[in-house]
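Read the figures in this text as sums done on the coordinates, not as results from a lab. Just so we're clear, the structure is a prediction, and the values are computed from it rather than from any experiment. Positions of Cβ are backbone-derived with ideal geometry, glycine not excepted, and every protein chain shown enters the neighbour counts.
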Amino acid sequence: MEDSIKKGKQKGLVDSFIDFIFSNDERKWLILIFLLGVILRFFVSRNISLLGDEAVHGPHAIGFLHSGLISTFAHSPLWFYLQDIFFKIFGVTLFSSRFASFFYGSISIFLVYLISLKLFNKKSALISSFLMAVSFYLIRYTLMEMDLSAIFFLLAGVYLFLSSLEKDKFPYLAAVSLGLASLIKTLSLFFVPAFLIGFFLFDKKEGDRKKYFLKNLKKVILFGIIILIFFSPILLHNYFWFKDKQMVDTYFAQYFNIGQARQAYTGLLGYDSGILFHRFFEGVGSMSLHTFKMDPIIVLFGLFGLLLFYQKKEKKSHFWFLILFELSGFIFLILSNWLPTHYTTMVPLFCIFGGFFIFRFSEYITKMLQFNLIKVLFVLLSVILIFQIYLLMPHLTSSCATGQMRDYAIKEIDKNSLVVVDSRIYRGRIAWMFNDFHYLETSYFSEAMNLNQNMSGKDIATKVYFIECAVDDCGWGTIKDQPDLNNSLEDFFSQISSQLPVKKTVSAGGGYDEKTGDDYFKIYETTLNLKPPMLTLVDSTHDWFYYPVNYRPQEKIFDQYKVYGFLDNILYKSTWLIIILSILLALIFPFKIIIDTFREE
């Protein structure tokens, strides 16, 4: 009897799926759109060459779960915790290092559909999700970065905020989502003002003005408190660090000039620049132009859609809320930082309104020329897809050398060997590629060999791999200005190549700064006699950008501090509860969005 019941349930699920596929429910097309976005993001994330910041964030995420940090000196902590969880599941590869951006960036396609559905019809919402799926800007930046993960939680905040207010309920989940966004990327706080104004924007102005104001002010305060609770680990990290060592992170140093911190970060990625009031209009022009160049079709259609929707009388509150959302974020970003990856946050708005414009334009063409609406949409969307894939082509057809080198290391290099790496390879790339190996930069090699001769103990035959940068500059971008360094390393590898055959050549690819097919890395293999303590000594050189690689030993962590007093220890322990809760919620939220997308209407 139980078997019959199970079979009946299975049959019901199968029947429901078949009914869905052959129904008129447009959401079945959303599945195909989502799969298209997933495929494009997958190939780009496993192929494209590394940007400079990736070689900072990627290595810093490795081992973060045992770092003991509640935040970092430059970034919010949640992305690092999530990314290290993905490392524990998938290992450290190029794709797994970009998995957070891939995962949350893909699920954001559903969020654009859900938000668009609150403003337009299903066809417009589907087109908006299609634009999100094929956006060159978003796919191009599916990297070891926090921005696409933060965008997911910002968009989730928009969707949940609108959904709650439509039901006349307080948007608790929206506040939580924004709190998670801020714990992934501090700059996410720049988008919060739109939500605070949104309480007044959506509320009907009925009754006494004072009561109306106080009612919404209470909501604003509660909403802000929830966000603040999730953001508190960053505040407490700075409090404990300053109390112990009079230091704060880069954001506090940039905006508030606390203590001697700004001087400590002088010249470091603009963290000593303060607020960029004097360059505001230059920034507006520069980053607007950059966004247009990255996604010209989507930006144009989005602008046309904004103008078209502005002329409509309905949903004005939704319109102005979304404008405030993007405008507050854009203005504060301009005053803060001009890194292109931060401005991916502008793309979803253009996708939302771009979908509306394309649908209305297609309707107009259909009526004017008596064409079939579906055929017009098919032609328009096909042209857009072809153009977007053309932009992506360099990143779809070949794989970058750094990713190939990491794959080779995992499969072919002995973990008990010594890996001697060309110093012309960017140090962050070295730390990422060989984080779990005994690696040594060539600049230390001669000194290490001299120390080895003077060590006591029996020699052990050890495999040694030499990794040469065949293009002279593998990620630094400054080797051309250091001819002496380049010449000395050319001499070093000339001696190596005269004695050893090339075991493996890794070709360039993936676009960006790599010319597809050129020799990028050359690998040589030999055996040397090393003393037992040698590999341990080699590992002691593994430092990268303020942190030891894999956070071993913890004593070398830049923003390590002591917590004093009973109250501070209680606060410190409470931050760990918030971080653990945040990790769990961040992993659950995407499934909440998927369920909301496909639940029965």
Item to complete: Run a plain Debye calculation on region 122-242 (Cα atoms as equal point scatterers, no solvent) and give log10 I(q)/I(0) at q = 0.10, 0.15 Å⁻¹, rounded to two decimals, same order as the q list.
Response: -0.40, -0.80
Worksheet item: If you stretched the chain out fully between ASP436 and ILE389, how much longer would it get, using 0.36 nm times the residue separation minus the C-alpha to C-alpha distance?
Response: 13.3 nm
Worksheet entry | Loop-resident sites, region 297-390, for GluC sites (Glu not before Pro), counting at most 13 other Cβ within 10 Å (DSSP) | GLU314
Worksheet item: With Cβ to Cβ distances under 11 Å as the rule, what net charge do the other residues near VAL421 carry (K, R +1; D, E -1)?
Response: 0
Worksheet, complete the sentence: Summing -39500 (n - 2.57) over every DSSP H run of at least 4 residues in the chain and dividing by its residue count gives a helix-only mean residue ellipticity at 222 nm, to the nearest 500 deg cm²/dmol, of -20500 deg cm²/dmol
Practice prompt. Under 20 Å from a label point 7 Å along Cα→Cβ of ILE594: give me every residue in region 166-197 with its amide N that close.
Written response: 177
Practice prompt. Please work out the Cα center distance from region 82-142 to region 428-472, rounded to the nearest Å.
Written response: 40 Å
Item to complete: Measure out, as a whole number of angstrom, how far apart the alpha-carbon centroids of region 310-366 and region 493-564 sit.
Response: 44 Å
Discussion item. For region 401-555, give me the percentage of DSSP beta bridges that are antiparallel, rounded to the nearest 5 percent.
Written reply: 65 percent
Practice prompt. Take every DSSP beta bridge whose two residues both sit in the chain, then give the antiparallel share in percent to the nearest 5.
Written response: 65 percent
Worksheet, complete the sentence: region 282-415: relative contact order from alpha carbon pairs under 8 Å, six or more residues apart, as a whole percent, is 29 percent
Practice prompt. May I ask you to give the average projected area over all directions of the convex hull of the Cα atoms of region 171-252, in nm² rounded to one decimal?
Written response: 6.2 nm²
Discussion item. Taking 8 Å as the Cα distance limit and 6 or more residues as the minimum spacing, I'd like the relative contact order of the chain as a percentage.
Written reply: 19 percent
Response to the item:
Checking every Cys Cβ in the chain against the others at 4.7 Å leaves as unpaired CYS351, CYS400
Worksheet item: Taking other Cβ within 10 Å of each residue's Cβ, how do ILE583, ILE62 sort, fewest first?
Response: ILE583, ILE62
Worksheet item: How would you rank ARG27, ARG552, ARG98, ARG406, going from fewest to most other Cβ atoms within 10 Å of each one's own Cβ?
Response: ARG552, ARG27, ARG406, ARG98
Item to complete: Mind giving me the FRET efficiency for ASP472 and LYS556? R0 is 30 Å, r the Cβ-Cβ distance, nearest 0.05 is fine.
Response: 0.45
Practice prompt. Mind listing the long-range amide H neighbours of VAL419? Cut-off is under 5 Å, sequence gap 5 or more, other chains count too, H placed in the peptide plane at 1.01 Å from N.
Written response: HIS438, TYR439, LEU440, TYR465
Worksheet item: Computed over the Cα atoms of region 401-555, what is the convex hull's projected area averaged over all directions, in nm²?
Response: 9.7 nm²
Worksheet, complete the sentence: Per principal axis, largest first, the Cα atoms of the chain extend in Å by 85, 70, 62
Worksheet item: Where in region 158-267 are there trypsin sites (Lys or Arg not before Pro) that are in a DSSP coil and have at most 15 other Cβ atoms within 10 angstrom of their Cβ?
Response: LYS167, LYS169, LYS204, LYS205
Item to complete: Just need the relative contact order of region 496-601 here, percent rounded to a whole number, with Cα pairs under 8 Å and 6+ apart.
Response: 13 percent
Worksheet, complete the sentence: Taking TRP241, TRP432, TRP320, TRP476 and counting other beta carbon atoms within 10 angstrom, the fewest-first order is TRP320, TRP476, TRP241, TRP432
Worksheet item: Taking square-rooted eigenvalues a ≥ b ≥ c of the alpha carbon gyration tensor, is region 280-363 rounded, prolate or oblate, where a/c under 1.5 means rounded and, failing that, a/b exceeding b/c means prolate?
Response: oblate
